[in-house]
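Novice: Submitted below is the structure of interest, expressed as structure tokens.
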Amino acid sequence: MAVTTKRVRIGLLVSGMLYRHPALLAKIAITADHLSGGRLEFGIGAGFAKNERAMYAIDDRNPVARFKEGLDVVELLWSGERVSYDGEYFQLKDAITAPTPVQKPRPPIWIGAGGPRMLRLTAERADFWNPSDGDLDAAVKAGRQLRRLCEEAGRSPNAVGWSTQLQFDGRGVDAVVREGEKWRAEGFTELVVYLSGDDPVAAATVAAESILPALR
């Protein structure tokens, strides 16, 4: 996708910090940013899928603490400086990553979060927030909490953009647009069309031609 497109921003909603060492994740992100010419949106969360963790016997103790340390490591390595880090879960010793991301000072960070500790980290570190609960009322409630946490962190409540997904299988354009308008009225400005169904390519074409123009 990165090398065959020119304008669209690319990223995941969201990768899980538990699944890779953050130094590897930092390098993967840099590669995607370079391949796309600086169009990466770095989506990251603690890693919520319990079935995946169970299947692969991934150590999922203290996921929020691991997430915080992992994000520290990623951002330190993106700086291009030689850095050291002594955390409980991750350590760096005079480490460097080159090249650095195309985007300066770094790619935008999207954090998927719902719980209070993750929301606090979102308020402190994120450029965009993606709620872990797909229910609008629950997401709005979490968003209000996020705004308060931004103020406590010394950031403007508007410093973190809000995003959500609108599922679309190629049918029911008007219903998807109406749903998007509901979320936008509550402050969700980044509306991502999530493709499903038997023919996601055809659904993408319909979304590009009918849904995106309506929501813009």
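The values are calculated or read from the model by the stated rules, or taken from the named source; none is laboratory data. Note that the structure is a prediction, hence the values are computed from the model and not measured. When we count neighbours, we look across all protein chains shown, and the Cβ atoms used for this are built from the backbone with ideal geometry, even at glycine. With ligands, DNA and RNA removed, areas are computed over all heavy atoms of the protein, side chains included. Shrake-Rupley method; radii C 1.70, N 1.55, O 1.52, S 1.80 Å.
Novice: Return the residues of region 165-201 that are modelled with pLDDT of 95 or more and aliphatic (A, V, I, L, M); say none if nothing qualifies.
Specialist: Across region 165-201, the qualifying residues are Val173, Ala175, Val176, Val177, Ala185.
Novice: Let me ask something else. Would you please name the residue that is most open to solvent (accessible area, probe 1.4 Å), looking only at residues in region 94-116 that are modelled with pLDDT under 95 and outside any loop (DSSP other than H, G, I, E, B)?
Specialist: Per the stated criteria, the residue is Pro116.
Novice: The conditions are (1) open to solvent by 70 Å² or more (accessible area, probe 1.4 Å); (2) outside any loop (DSSP other than H, G, I, E, B); (3) touching a strand residue (DSSP E or B) at 6+ places or on another chain (Cβ under 8 Å), and His34 fails exactly one of them. Which is it?
Specialist: The single condition His34 does not satisfy is (3).
Novice: So is Gly16 on the phi > 0 side of the Ramachandran plot and touching a residue at least 12 places away in the same chain (Cβ under 8 Å) or not?
Specialist: Details: on the phi > 0 side of the Ramachandran plot: no; touching a residue at least 12 places away in the same chain (Cβ under 8 Å): yes.
Spelling it out, it is not the case that Gly16 is on the phi > 0 side of the Ramachandran plot and touching a residue at least 12 places away in the same chain (Cβ under 8 Å).
Novice: Here is a further query. Filter region 183-204 down to the residues that are assigned to a helix (DSSP H, G or I) and either closer than 19 Å to Arg9 by Cβ or open to solvent by less than 70 Å² (accessible area, probe 1.4 Å) (or both) and list them by number.
Specialist: As a first pass, look at region 183-204 and keep what is assigned to a helix (DSSP H, G or I): 183-185, 200-204.
The answer is Trp183, Arg184, Pro200, Ala202, Ala203, Ala204.
Novice: Of the numbered conditions (1) modelled with pLDDT under 95; (2) surrounded by fewer than 16 Cβ atoms within 10 Å (Cβ to Cβ); (3) closer than 22 Å to Ile30 by Cα, Asp133 fails exactly one; give the number of that condition.
Specialist: (3)
Novice: Among the residues of region 11-18, is any within 14 Å of the chain's Cα centre (by Cα) and either part of a helix (DSSP H, G or I) or surrounded by fewer than 14 Cβ atoms within 10 Å (Cβ to Cβ) (or both)? Show your work before the answer.
Specialist: In the first step, residues of region 11-18 are kept if they are within 14 Å of the chain's Cα centre (by Cα); the result is 11-17.
If we keep only those that are either part of a helix (DSSP H, G or I) or surrounded by fewer than 14 Cβ atoms within 10 Å (Cβ to Cβ) (or both) too, we end up with 17.
The answer is yes, given that some residue of region 11-18 is within 14 Å of the chain's Cα centre (by Cα) and either part of a helix (DSSP H, G or I) or surrounded by fewer than 14 Cβ atoms within 10 Å (Cβ to Cβ) (or both).
Novice: Considering only region 44-55, I want to know if a residue exists there that is at pLDDT 90 or above, buried (at least 22 other Cβ atoms within 10 Å of the Cβ) and either touching a strand residue (DSSP E or B) at 6+ places or on another chain (Cβ under 8 Å) or closer than 20 Å to Phe128 by Cα (or both). First the steps, then the outcome.
Specialist: Narrowing region 44-55 to residues at pLDDT 90 or above: 44-45.
Remaining after also requiring buried (at least 22 other Cβ atoms within 10 Å of the Cβ): 44-45.
Narrowing the set further to residues that are either touching a strand residue (DSSP E or B) at 6+ places or on another chain (Cβ under 8 Å) or closer than 20 Å to Phe128 by Cα (or both) leaves 44-45.
Yes - at least one qualifying residue is present in region 44-55.
Novice: Among the residues of region 178-203, which ones are over 22 Å from Ile109 (Cβ atoms), under 21 Å from the mean Cα position of the chain (by Cα) and among the aliphatic types (A, V, I, L, M)?
Specialist: The answer is Leu195, and nothing else.
Novice: Considering every residue within region 59-82, establish whether at least one is acidic (Asp, Glu), loosely packed, with under 15 Cβ neighbours inside 10 Å and assigned to a strand (DSSP E or B). Give the derivation first.
Specialist: Going residue by residue through region 59-82, those that are acidic (Asp, Glu) are 59-60, 69, 72, 75, 81.
Subset that is loosely packed, with under 15 Cβ neighbours inside 10 Å: 59, 81.
Okay, now just the ones that are also assigned to a strand (DSSP E or B), so none.
Looking through region 59-82, none of the residues is acidic (Asp, Glu), loosely packed, with under 15 Cβ neighbours inside 10 Å and assigned to a strand (DSSP E or B).
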